[in-house]
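Heads up: the structure comes next, in structure tokens.
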Amino acid sequence: MRAAALLVVAITGFPAHAQHVHGVARLEVAIDGSKATLVLTVPMQDAVGFERAPRDAAEKARVDDVLAKLGTASARLYEPGGEARCTVAAAEARVEKVGGGGKHTEVVARHELACANAAALRSIAVHAFDVLKRVKRIDARVAGPRGQAKGRLTASKRELAW
Ligand SMILES: [Zn+2]
């Protein structure tokens with residue numbers, strides 16, 4: 001039982017709704033069979049420039065815009081490397097409150113890739129920096145058949161390899 005519980009923690013990676021750090025987004029990549037699931041969590045402050053309910057139509061539009069950009073399958077946020085031949089099977093983005101009674105909120109974007117040759121999936125270039133200009137760094141973790149890996153990505157160092 002204990003081993004099973006530890007395994008679950010290892011696979012899910014980041015604890016859900018852990019306190020976030022402004023300027024830093026988190027990316028979890030889970031590879032399972034022919035599927036890769038990518039969950040990007042961005043502090044609202046970094047996604048839109050404020051971390052509270054929108055005060056006017058312009059701020060509301062900014063939130064809608066970032067949700068559309070992060071939650072659209074055709075947005076090229078991720079570029080799988082090699083010959084994995086992945087397509088985006090599903091994408092969504094929403095605003096979530098960070099737990100613990102605080103007032104922090106974040107944007108959580110989830111993408112599912114379907115890969116014709118998942119065994120060749122050994123790297124992903126993360127272009128979310130183009131949408132998220134305020135994000136300085138993305139702390140990424142990968143869990144897949146080849147074990148786990150992590151990386152710190154920046155706008156000038158976008159490739160996560162494992
Ligand atoms: Zn915050």
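Only the coordinates and a few stated rules stand behind these numbers; no lab work does. Predicted model only: the values in this text are computed from it and were never measured. Because the Cβ atoms are built from the backbone with ideal geometry, glycine has one as well, and the counts that use them run over all protein chains shown.
In this simple spin-label approximation, LYS60 and LYS157 carry label points 7 Å from Cα along the Cα→Cβ vector, and these lie 4.2 nm apart.
You can think of it this way: the chain between SER123 and ASP139 has 4.3 nm of extra reach, that is 0.36 nm per residue less the Cα-Cα gap. Put simply, the amide H of ALA89, placed in the peptide plane, has neighbours under 5 Å in GLU112, LEU113, ALA114, leaving out anything fewer than 5 places away on its chain. Remark on segment 123-162: hydrodynamic radius 10.5 angstrom, per the Kirkwood mean of 1/r across alpha carbon pairs. Where does segment 38-84 land on the Kirkwood hydrodynamic radius, alpha-carbon pairs, in angstrom? Kirkwood radius, segment 38-84: 12.3 Å.
Put a dot 7 Å past the Cα of GLN148, heading toward its Cβ, do the same for ALA90, and the two dots end up 2.4 nm apart. Over the chain, the ratio between the Cα radius of gyration and 2.2 N^0.38 Å evaluates to 1.04.
Coupling constants for segment 108-116 follow from the phi torsions by the Karplus curve (6.51 cos²θ - 1.76 cosθ + 1.60, θ = phi - 60°), and in residue order they are 10, 10, 10, 10, 10, 9, 10, 10, 5 Hz; glycine and proline get x. Note on the chain: Lys pairs 8 or more places apart or on different chains, Cα atoms under 16 Å apart, count 4.
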